[in-house]
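Below is one structure; the comments refer to it alone.
Each reported figure results from applying straightforward, stated rules to the coordinates on display, with no laboratory input. Keep in mind that what you see is a predicted model, and the values were worked out from it rather than measured. Here the Cβ positions follow ideal geometry from the backbone for every residue, glycine too, while neighbour counts run over all protein chains shown.
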Amino acid sequence: MEYKAYIFVPKDRIGALIGKRGKVKKKIEELTGVKININSGTGEVDIVYDEDHGPEAMKAKNIVTAIARGFSPEKAQKLASDDYYLEVINLPDLVGKSRNALIRQRARVIGTQGRARKMLEDLTGTDISVYGKTVSIIGPLENVEIAKDAIQMLVNGAKHGDVYKYIQRRMQSLY
């Protein structure tokens, strides 16, 4: 029995998903044991798998979603491991539909010259991508949860310094 999962990938991310001479697509197929069909015109991606590859198909779907949300293929491929998770935060759910609010909150997460995003990544041991109306996080589950909480705090107006202290306290309680 053959199953399919569908994902929409923005057209500007199709090239990153395919890679030079199809290298990225082939690597994802090798890592997960599924078949990936990409329609470059519409951005629709089909993940084709059999009943024995259900968990691997979910990993493939997460990898494709991560690339679609702005991660490099190398960072996205970490999701082939059982220890890594993907969280996608839809900013309009937190800030509403105001274009100005969305721009302002994206800027708070990114920071001047990307410093806030880099600090969040360094403190939580995760990878973070701000793309379109989303903020996405890849990392171990506990770390992803801490990063998600920190991003929600920033979006809700918390000071950067307070958020960094919060992360440090939470990370210390893990280890």
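Once phi is turned into ³J(HN,Hα) by the Karplus curve 6.51 cos²θ - 1.76 cosθ + 1.60 with θ = phi - 60°, what whole-Hz value does each residue of the stretch 70-79 show in order, with x for glycine and proline?
With coefficients 6.51, -1.76 and 1.60, one gets x, 6, 5, x, 5, 5, 5, 5, 4, 6 Hz.
Quick one: helix 115-124 against the long Cα principal axis of the chain, what's the angle to the nearest 10°, folded into 0 to 90?
Helix 115-124 and the main axis of the chain meet at about 80 degrees.
How much net charge surrounds GLY161 when only other residues with a Cβ under 14 Å from its Cβ are counted (Lys, Arg +1; Asp, Glu -1)?
+4
Find the percent of Cα-Cα distances in the stretch 85-174 that exceed 14 Å, and round it to a whole number.
Here the tail beyond 14 Å accounts for 60 percent of pairs.
Going down the table (LYS61/LYS97; LYS4/LYS78; LYS59/LYS97; LYS11/LYS75), which pairs top 25 Å between alpha carbons?
LYS61/LYS97; LYS59/LYS97
Can you give the net charge of the other residues whose Cβ lies under 9 Å from the Cβ of TYR49, counting K and R as +1 and D and E as -1?
Computed value for this residue: -3.
Helix 141-155 versus the longest principal axis of the chain: what angle, 0 to 90°, nearest 10, using Cα atoms?
The angle comes out at about 50 degrees.
What number in nm² do you get for the stretch 2-80 if you take the convex hull of its Cα atoms and divide its surface by four?
4.4 nm²
Sketch the reach of a paramagnetic label on VAL48 as a point 7 Å from Cα along Cα-to-Cβ, and name the residues of the stretch 1-30 whose backbone nitrogen lies under 11 Å away.
Hits in the stretch 1-30 for VAL48 at 11 Å: 2-4.
Could you tell me the distance between the Cα centroids of the stretch 97-175 and the stretch 59-74, to the nearest Å?
Result: 19 Å between the Cα centres.
How long are the semi-axes of the equivalent ellipsoid of the chain, defined as square roots of 5 times the Cα gyration tensor eigenvalues? Whole Å, largest first.
Largest first, the chain gives 31, 19, 13 Å.
Through the Karplus equation 6.51 cos²θ - 1.76 cosθ + 1.60, θ set to phi - 60°, convert the phi angles of the stretch 41-48 into ³J(HN,Hα) values in whole Hz; use x for Gly and Pro.
x, 9, x, 7, 10, 9, 10, 9
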